[in-house]
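Below: one structure, written as structure tokens.
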Amino acid sequence: MQSFLTGLWSTLMVRGVLSVIFGLCAFVWPGNFMAVLSMIFGVYLLIDGAVSVWSALGNKQQSRMFPVLAGLLAIAIGLAAVLAPATFIGMLILMVGLWNVYLGVLQIITAIAMRKELGGSGTQAVWGIVSILFGLAIAYYWWAGVVTIAWLIGLASITTGAILIWLGFRLRHIANRLPKAQA
């Protein structure tokens with residue numbers, strides 16, 4: 001049992017330290033951090049798309065059109081993420097901003113249409129306006145969105161790393177209190 005706990009606590013400690021380093025990189029170099037994540041995501045999409053196309057073409061019993069098109073779309077998006085990571089990230093954040101504008105408009109339309117049935121739909125209309133302003137801000141200041149996302153990932157990684165390190169120390173303390181196994 002002690003050897004199991006020793007291996008476990010040291011693994012947790014290493015994972016925790018790596019997670020903290022990963023998170024600190026997100027804070028120190030948010031633009032580069034997001035570019036690297038974009039490239040990793042792009043490579044994943046390239047592999048996933050290629051496997052999807054290959055699998056669909058090898059399957060003669062089912063319709064192949066949808067899996068082949070989905071695979072080709074994944075390959076195209078993967079290429080964009082790998083070849084132009086900054087543009088890919090910018091477009092992704094722009095789409096998030098425009099989506100918030102769209103949702104805000106829908107919230108306002110719903111609030112107006114439902115004002116008789118809901119009674120107090122003013123809150124929903126105000127939330128729609130906030131959503132529109134938020135979406136426009138993200139679309140206009142897309143680079144701030146990149147930094148914010150990198151920092152949120154960094155904060156989550158540092159928090160996770162700290163918890164893993166704490167658990168590692170706890171398990172180490174428990175392992176040291178157990179009697180040593182006889183060989």
Fill in the blank from the handout: Heavy-atom accessible area of V130, protein chains in place, probe 1.4 angstrom, given in Å² to nearest 10, is 70 Å²
Problem - Cβ-Cβ FRET estimate between A76 and T159, R0 fixed at 25 Å, reported to 0.05 - result: 0.10
Handout entry: Surface share of carbon and sulfur [accessible, 1.4 angstrom probe, percent] for the chain
Key = 76 percent
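Quick check of the Kirkwood formula: for the stretch 4-43, what is the inverse mean of 1/r over all pairs of different Cα atoms, in Å?
Numbers: mean 1/r = 0.0864 Å⁻¹.
Radius from the Kirkwood sum: 11.6 Å.
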Completion exercise
Per the rule of 0.36 nm per residue minus the C-alpha distance, extending R177 to K116 adds in nm 15.1 nm
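What stretch of the chain, leaving out the sites themselves, is the longest with no trypsin sites (Lys or Arg not before Pro) in a DSSP loop having at most 11 other Cβ atoms within 10 Å?
Details: sites that count: K60, K180.
It works out to 61-179.
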Exercise for the section: Have a look at the chain and give its Rg and Dmax from the Cα atoms, expressed in angstrom. Expected result: 24.2, 80
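The values are calculated or read from the model by the stated rules, or taken from the named source; none is laboratory data. Bear in mind the structure is a predicted one, so any value in this text is a computation, not a measurement. With ideal geometry, Cβ positions are generated from the backbone for all residues, glycine too; neighbour counts draw on all protein chains shown. Protein only, heavy atoms only, side chains kept; ligands, DNA and RNA dropped before computing areas. Shrake-Rupley method; radii C 1.70, N 1.55, O 1.52, S 1.80 Å.
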